[in-house]
Amino acid sequence: MLCAASVWQLCKPPSHVFLCQSDACIKNSSDKYHPQGSYFLRSNILSTKLVGKKVNTNIDSTYLLSRRPGTAMETRAAVSVGSESTLSQVVDFKKLQNGSDIRGVAVDGVEGEPVNLTEAVAEAIGAAFAAWLLDKKNADFSTKLRVSLGTDSRVSAKSIQSAVARGISGAGLDVIEYGMASTPAMFNSTLTVRDDLFCPVQGAIMITASHLPYNRNGLKFFTSDGGLGKKDITDILSRAEKIYHVMSNESTEAAAAVADKIVHSVDYMEQYTADLVDAVRKGAGGVERPLEGFHIVVDAGNGAGGFFAGRVLEPLGAVTTGSQFLDPDGMFPNHIPNPEDKKAMESITKAVLDQKADLGIIFDTDVDRAAAVDSSGKELNRNRLIALLAAIVLEQHPGTTIVTDSVTSDGLTTFIEQKLGGKHHRFKRGYKNVIDEGIRLNTVGEETHLAIETSGHGALKENHWLDDGAYLMVKLLIKLAAAKVSGEASGSKVLSDLIADLEDPAISSELRFKIDQSHPDIGSGGFKAYGEQVLDKLDQLVASDANLKKAPVNHEGIRVSGYGGWFLLRLSLHDPVLPLNIEGPSMEATKKLGEFVLSAVKEFGALDTSALQKYVA
Ligand SMILES: O=P(O)(O)OC[C@H]1O[C@H](O)[C@H](O)[C@@H](O)[C@@H]1O
């Protein structure tokens, strides 16, 4: 059978193989070689550098496996003999993209949510990432590339991890499995230098769907340059789709045999947690157990963050009694592991008060987001967490710019600029947008040390701009410990005092308007173009209302102040949704803002504004 067009192909001459990429190549070579003996390349893992090159090898079995030391050329390909994919499920790979992550349904059982992140899909994605990495690193056969894999606590974690490992190792790259880890730890593994842990790795993958329900899973990718962006993910998914189409049960079995031999397992969290412990000790003036005398309760929501109690806080001397949901449970039976979730925050607050603890710390499933609760039960999340971190960072770097997402409060701007003497750069929603903006500002001469979202994602320049919820908490711990060591204060009051002047909005609401994509009003531009029309209309009407004023600088959607409060209507980053955030000094004020928005958008039939109608009623 001939090789399929548009996938990487391997045509087999008698004693060597010829790598080619197009139909023309097959045709041109068919006289000389035997096209009937052509081989499909199971994955498009070969570097573009190899196209058209002859590779001396012996194909005497079904698979050409990777790494054959001592030969003139190490072949990184696993190939399956001329058969088309035997995988029957049709998968829309584009739908698996969620901004700069991959997300899908990995477990059956929820009505209307068919599985689209199967093991075969995950294997194809692993192979595609390997191909992307080989190209990115401009790797030739003498380069040894390693990829680390970690997971959160999801029920599908192990099977997806093994599938991704098969894809990568089948492509000839080394795989280091960490098992349960955290998203920031995975990025860290691209920076750590430690031979016994096979670090640094050149690529890292965290298998997680953050706080989403148990049936979902996903992948986040890193190199030492940071998290991959949207374009990279589109590229990886398009490679994965091609790979998927030439995969078969036999090729999976062969890749599994390679994986069995070359996948290593290590406890990388030992290194990552040691780094966190060191950071607190250093910040507290070199004291071995600077948290002695503190009682700190951790809530991991049955995600991957349970390590923080036993491997970070306890070695620093803190008591962690009453910590909850530290054991991983991918069904998340207690509450959603999400510091933005009301119930999750109520749960950790109750634990702090019940235990009479000094502080509570809560993480999302994969520990890239966090929030805290002080000893009085005051939630230190959203604007308050940003204010707190801004206060700490501005003590170290007076006048610096703090980058945040778009839904931050006006009170936060006043606090950062008037109280702390910093500059508030309110940017867009999306942690990657926020962090990238922080990095960009520094390159154009505007000094910034903190980029943070209300969601609890945050990154500091001093920590390689690593999006790390655990490191945000480390900054709070350093503040606590240093105040105690210097005799300045004890307990979490030192934190609450830092944000005593932050004005909290009396009312803060988020309403999300769904756009019905099957509505006849949705034109060829789809929901995005439709959403833009809604925003344009709103924009026009603002000018005609004397009570309202458009924000002079705004990077996303339409932000307007009025009645002592503000609203922001914007397009969701991922969904056919227009989220509306409203804040104000009273319900009366926020209702007035809501009424205005409703009057502007009510003519848009594809928009579900029922939540707003209820809100203003
Ligand atoms: O635009 P939205 O639908 O509100 O979603 C925005 C949010 O999406 C994800 O959860 C990202 O992790 C966040 O960084 C981002 O802020």
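No value in this document is a laboratory result; all are computed from the given coordinates. As the structure is a computational prediction, the values presented were derived from the model and not from experiment. Here Cβ is always computed from backbone atoms with ideal geometry, including for glycine, and neighbour counts include all displayed protein chains.
Odds and ends about this structure:
- Rounded to 5, the percent of DSSP beta bridges in the chain classed as antiparallel: 65
- Förster radius 35 Å - calculated FRET efficiency between Glu346 and Asp196, Cβ distance, rounded to 0.05: 0.20
- Under Karplus coefficients 6.51, -1.76 and 1.60, residue-wise ³J(HN,Hα) of region 557-570 in Hz, glycine/proline x: x, 10, 10, 9, 9, x, 6, x, x, 7, 9, 9, 10, 8
- Which listed pairs, of Lys537/Lys614; Lys220/Lys282; Lys356/Lys475; Lys550/Lys602; Lys137/Lys428, have C-alpha distances above 24 Å, in listed order: Lys220/Lys282; Lys137/Lys428
- Listed by Cβ neighbour count within 10 Å, with the fewest neighbours leading, Leu380, Leu548 appear as Leu548, Leu380.
- Cβ-Cβ FRET estimate between Lys137 and Lys231, R0 fixed at 25 Å, reported to 0.05: 0.90
- Seen against the Cα atoms of the chain and their longest principal axis, helix 526-542 is set at about 20 degrees.
- Per-residue [θ]222 nm for the chain (sum of -39500 (n - 2.57) over DSSP H runs n ≥ 4, rounded to 500): -10000 deg cm²/dmol
- For Arg166, Arg382, the sequence from fewest to most other C-beta atoms within 10 Å is Arg382, Arg166.
- Taking the C-alpha atoms only, the angle from helix 587-601 to the longest principal axis of the chain is near 40 degrees.
- Asp545 versus Val485: modelled label distance in nm, points set 7 Å from Cα along the beta carbon direction: 5.2
- Normalised by the number of residues in region 507-616, the average gap of Cα pairs under 8 Å and 6 or more apart makes the relative contact order 35 percent.
- To the nearest ten degrees, helix 431-443 and the longest principal axis of the Cα atoms of the chain are 90 degrees apart.
- Here the gap between His245 and Lys537, fully extended at 0.36 nm per residue and compared with their Cα-Cα distance, gives a gain of 100.6 nm.
- The magnitude of the dipole of the chain, with charges of +1 and -1 set on the Cβ of Lys/Arg and Asp/Glu and taken from the Cα centre, is near 1280 debye.
- Estimated distance in nm for a label pair at Ser508 and His464, the labels positioned 7 Å out from Cα along Cα-to-Cβ: 3.2
- Dimensionless Rg ratio for region 93-267, taking C-alpha atoms and the 2.2 N^0.38 Å reference: 0.94
- Full extension of the chain between Glu113 and Val616 yields a length gain of 177.7 nm, computed as 0.36 nm times the residue separation minus the alpha carbon distance.
- Residue exposure proxy: Met180, Met247, ordered by other Cβ atoms within 10 angstrom of their Cβ from fewest to most, comes out as Met180, Met247.
- The residue among Val246, Ala209, Ala163 whose Cα reaches farthest toward the positive pole of the charge dipole of region 93-267, with charges on the beta-carbon of Lys, Arg, Asp and Glu, is Ala209.
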